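What follows is a short report on a single structure.
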Amino acid sequence: QVRVVESGGGLVQPGGSLRLSCAASGSIYNIRDMGWYRQAPEKQREFVARITRGGDIRYVDSVKGRFTISRHNAQNTVDLQMNLLKPEDTAVYFCYADVETALWEHAKPYWGQGTQVTVSS
């Protein structure tokens with residue numbers, strides 16, 4: 001079993017900052033990609049950022065220059081530093097980890113339950 005748990009959401013004013021953290025634990029042989037998606041009310045879940053084990057990073061255009069993703073391979077954790085937050089960043093943020101549970105297994109995504117981020121004055 002693999003467990004993915006997010007933390008760090010909350011309420012912040014426009015222009016403020018929040019840091020989200022995510023930890024994967026359990027039967028992990030290797031983690032390939034880790035990253036974040038978000039889902040705003042009445043909208044589809046959208047990609048936010050991802051980082052490979054080797055450190056290759058990709059962001060959705062709307063967060064470039066404001067969000068920074070980082071990862072600690074030895075700890076199986078990934079963080080998302082969010083600066084200059086806007087009301088349109090309000091959403092539930094979900095962490096995922098592409099986990100190989102054994103040498104012979106293909107990686108598959110495991111998801112956290114999500115953490116609420118609300119940007120409002």
Handout entry: Residues located in region 101-118, provided they are touching a strand residue (DSSP E or B) at 6+ places or on another chain (Cβ under 6 Å) and at pLDDT 95 or above
Key = Pro109, Tyr110, Trp111, Gly112, Gly114, Thr115, Gln116, Val117, Thr118
Problem - Looking only at region 67-95, and only at residues there that are aliphatic (A, V, I, L, M) and more than 10 Å from the chain's Cα centre (by Cα), the one that is nearest to Gly55 (Cα to Cα) - result: Ala74
Problem - region 1-12 residues that are farther than 19 Å from Leu85 by Cα and hydrophobic (A, V, I, L, M, F, W, C), paired with ones that are modelled with pLDDT of 95 or more and open to solvent by less than 20 Å² (accessible area, probe 1.4 Å) (beta carbon under 6 Å, 6 or more apart) - result: Val2/Val99; Val4/Ala24; Val4/Cys95; Val4/Ala97; Val4/Gly112; Val5/Gly112
Handout entry: Matching residues in region 4-25 - criterion: being over 14 Å from the mean Cα position of the chain (by Cα) and either over 15 Å from Thr118 (Cβ atoms) or among the hydroxyl-bearing types (Ser, Thr, Tyr) (or both)
Key = Ser17, Ser25
Practice task
Quick one: in region 29-51, of everything that is in a strand (DSSP E or B) and open to solvent by 20 Å² or more (accessible area, probe 1.4 Å), which residue is farthest from Glu88 (Cα to Cα)?
Solution key: Asn30
Fill in the blank from the handout: Of the residues in region 96-121, those that are over 18 Å from the mean Cα position of the chain (by Cα), open to solvent by 40 Å² or more (accessible area, probe 1.4 Å) and in contact (Cβ under 8 Å) with a residue 12 or more places away in the chain come to Thr101, Leu103, Glu105, Ser120, Ser121
Completion exercise
Contact list, first residue from region 53-64 and within 28 Å of Thr90 (Cβ to Cβ), second anywhere and aromatic (Phe, Trp, Tyr) and not in a loop (DSSP other than H, G, I, E, B), beta-carbon distance below 6 Å, six or more apart or interchain, is Val60/Phe47
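The values are calculated or read from the model by the stated rules, or taken from the named source; none is laboratory data. In this text, all values refer to a predicted model and were calculated from it rather than measured experimentally. All Cβ positions, glycine included, derive from the backbone under ideal geometry; neighbour counts span all protein chains shown. Accessible surface areas use protein heavy atoms only, side chains included; no ligands, DNA or RNA. Shrake-Rupley method; radii C 1.70, N 1.55, O 1.52, S 1.80 Å.
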